[in-house]
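Worksheet for the structure shown next.
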Amino acid sequence: MPLPAPYYADFVASNQSTRADNTLPGRDKQQHLETIRAQIRAFKAEQRCDTVVVLWTATTERFAVEEEGVHDTSENVLEAIARSDGEISPSSLFAVASILEGCTFINGSPQNTLVGGILQMAEQRGVMIGGDG
């Protein structure tokens, strides 16, 4: 069964709202990040996995407006998440959660999930990431 995930209507087509029926409440992106990280850890423990690869295959998001101070460094991405910045997408939260948990992340949808700060974070932590539109 799929786990609940963040849903930010401003990142997807308006016709998706009626289909989004397994979502995390609210728009607190730091809390959503921590929930995703906990989901990854629980899955890894329950399935007794040595390695986890996270593959993003959710609906295509609109491109995030890449902004200096938000997307440009790993520190800025984390700070933007902490303040629930409007240009941090759900797929970016999954990418960051995967990186922080040491899991490979593959973006299977054509949006700009892997912005500069996320690329930097993956490189700093030695985590493999791939894909992007």
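The values are calculated or read from the model by the stated rules, or taken from the named source; none is laboratory data. Because the structure is a prediction, the values reported are computed rather than measured. As a convention, Cβ positions derive from the backbone with ideal geometry for all residues, glycine included, and neighbour counts pool all protein chains shown. Remember, those area values only see protein heavy atoms, side chains included, never the ligands or the DNA or RNA. Shrake-Rupley method; radii C 1.70, N 1.55, O 1.52, S 1.80 Å.
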Take the range 113-128 and flag every residue that is over 16 Å from Thr73 (Cβ atoms) and either polar (S, T, N, Q) or crowded, with 16+ Cβ neighbours inside 10 Å (or both). Thr113, Val127
Any residue in the range 93-103 that is hydroxyl-bearing (Ser, Thr, Tyr) and within 15 Å of Arg62 (Cα to Cα)? no
Residues that are free of Cβ contacts under 8 Å to residues at least 24 places away in the same chain and open to solvent by 70 Å² or more (accessible area, probe 1.4 Å): find the helices (runs of 4 or more DSSP H) completely inside the range 1-104 holding 2 or more of those. 29-46
Output for the range 83-98, where each listed residue is within 14 Å of Asp10 (Cβ to Cβ) and among the small types (Gly, Ala, Ser): Ser84, Gly86, Ser89, Ser91, Ser92
How many residues are closer than 21 Å to Glu67 by Cβ and modelled with pLDDT under 95 when one looks only at the range 95-108? 1
Could you say which residue among Ser74, Ser92, Ser84 is within 15 Å of the chain's Cα centre (by Cα), at positive phi, of a type in the set (Ser, Thr, Tyr) and modelled with pLDDT of 90 or more? Ser84
